[in-house]
Number of protein chains: 2
Amino acid sequence: MALPEPLARLIHELGRLPGVGPKSAQRLAFFLLSQDLSVVEGFAAAIVRAKKELFPCPQCFHITDRAPCGICADPERDRSLLLVVEEPKDVFALERTREYHGLYHVLGGSLQPLRGVGPEMLHIEELLRRLDKEPIQEVILATDPDVEGDTTALYVARLLQGRPLKVTRIARGLPMGGDIDYADDVTLVRSLEGRREFLP
Amino acid sequence: MALPEPLARLIHELGRLPGVGPKSAQRLAFFLLSQDLSVVEGFAAAIVRAKKELFPCPQCFHITDRAPCGICADPERDRSLLLVVEEPKDVFALERTREYHGLYHVLGGSLQPLRGVGPEMLHIEELLRRLDKEPIQEVILATDPDVEGDTTALYVARLLQGRPLKVTRIARGLPMGGDIDYADDVTLVRSLEGRREFLP
């Protein structure tokens with residue numbers, strides 16, 4: 001006997017989520033069915049509400065429910081610093097550290113020529129326009145430390161050449177709690193290149 | 001800066017799903033936000049609809065969108081055979097084999113005295129009432145091959161002693177500590193074929 005249609009549909013929908021295979025989708029479906037209707041309705045409403053109320057900040061393209069976003073609108077922020085990242089989740093990660101107090105600019109991804117993601121699909125034009133208008137003195141390139149992120153950082157850095165700006169790239173090296181023995185070669189080379197005077 | 005409230009709420013709700021940690025919840029949230037509104041609304045609607053339209057079959061307690069369920073209502077089914085399982089997902093697993101053509105009875109779990117799950121919380125009373133009324137000749141105990149499942153099978157088998165019934169237990173083709181739901185089809189078929197008389 002086939003699954004009842006509403007269950008088959010639910011499992012199908014859950015199976016479209018990233019990292020959720022058919023077995024996980026079934027487990028999630030039975031979990032949801034085991035909850036009270038009010039809980040399930042709250043869950044569904046949260047999904048639709050998030051989609052309806054969140055949008056990219058018109059200034060920095062971070063995800064927000066107001067325009068401009070809380071960071072762009074915050075008068076305490078250092079407006080001379082602009083940190084460039086690929087995705088909104090990178091902003092959340094950096095904000096968790098509570099160590100950075102400048103502004104952000106979210107590119108919306110990284111350059112991936114083989115997948116057809118060119119500069120015109122990222123918010124690079126808008127970055128240049130911000131630099132024309134805003135009192136930014138340093139641009140910190142914080143794209144991911146992988147081939148696409150490095151390519152993107154290099155592309156942006158070249159565009160910024162000639163401007164009266166300091167352009168920096170976040171440091172590469174061994175992560176806290178890491179193991180030299182287990183680090184990949186590129187990370188080891190980068191951490192050697194980036195070495196600093198100790199006990200200066 | 002804190003997350004925008006609709007996003008924080010969405011990540012919180014997704015993090016309540018089994019097997020979804022904070023990182024996965026965030027990844028799922030960004031995935032959902034990257035989809036079109038119509039897709040997201042369809043996803044949310046499928047969740048609520050499944051919860052609203054599905055209920056336990058009043059006869060066998062399998063999950064269904066009609067009463068009685070498709071299996072109980074099917075005139076082709078062998079009404080002399082009753083297969084007792086813990087959960088609806090076990091029925092789906094057994095149905096996938098297309099080898100069993102009798103009826104089912106879903107207990108709704110297994111006996112777990114330490115967690116306060118006693119016989120009165122399972123559909124055991126209803127099982128006995130079915131055996132009084134229906135022309136069942138063999139009860140196949142297909143609870144999970146673990147301690148709780150074995151305990152439950154033993155408990156039910158003892159209740160059935162003295163009735164003019166054959167009571168069988170599916171064969172131990174399944175490893176101890178396993179889960180009927182996760183078994184492959186061939187193992188399931190073998191375990192059906194190899195069933196033995198219980199408490200002879």
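The values are calculated or read from the model by the stated rules, or taken from the named source; none is laboratory data. All values derive from a computational prediction rather than experimental measurement. Glycine gets a Cβ as well: all are built from the backbone with ideal geometry, and neighbour counts include every protein chain shown.
Within region B:27-47, not a single residue is closer than 23 Å to B:Tyr182 by Cα and at the interface with chain A (Cβ under 8 Å from one of its Cβ atoms).
Just one of (1) out of contact with any helix residue (DSSP H, G or I) (no Cβ under 6 Å at 6 or more places or on another chain); (2) within 14 Å of chain B (Cβ to nearest Cβ); (3) at pLDDT 95 or above fails for A:His123. It is (2).
The residues on offer are A:Arg115, A:Arg129, A:Arg96, and the sole one that is among the basic types (Lys, Arg) and within 14 Å of chain B (Cβ to nearest Cβ) is A:Arg96. Per this entry, B:Arg195 is counted among residues that are touching a strand residue (DSSP E or B) at 6+ places or on another chain (Cβ under 8 Å), farther than 23 Å from A:Arg27 by Cα and at pLDDT below 95.
Taking the criterion of being hydroxyl-bearing (Ser, Thr, Tyr), facing chain B (nearest Cβ under 9 Å) and over 17 Å from the mean Cα position of the chain (by Cα), would at least one residue in region A:50-69 satisfy it?
Kept after step one, since they are hydroxyl-bearing (Ser, Thr, Tyr), are these residues of region A:50-69: A:64.
Okay, now just the ones that are also facing chain B (nearest Cβ under 9 Å), so A:64.
Then drop every residue that is not over 17 Å from the mean Cα position of the chain (by Cα), which leaves none.
Checking region A:50-69: not a single residue is hydroxyl-bearing (Ser, Thr, Tyr), facing chain B (nearest Cβ under 9 Å) and over 17 Å from the mean Cα position of the chain (by Cα).
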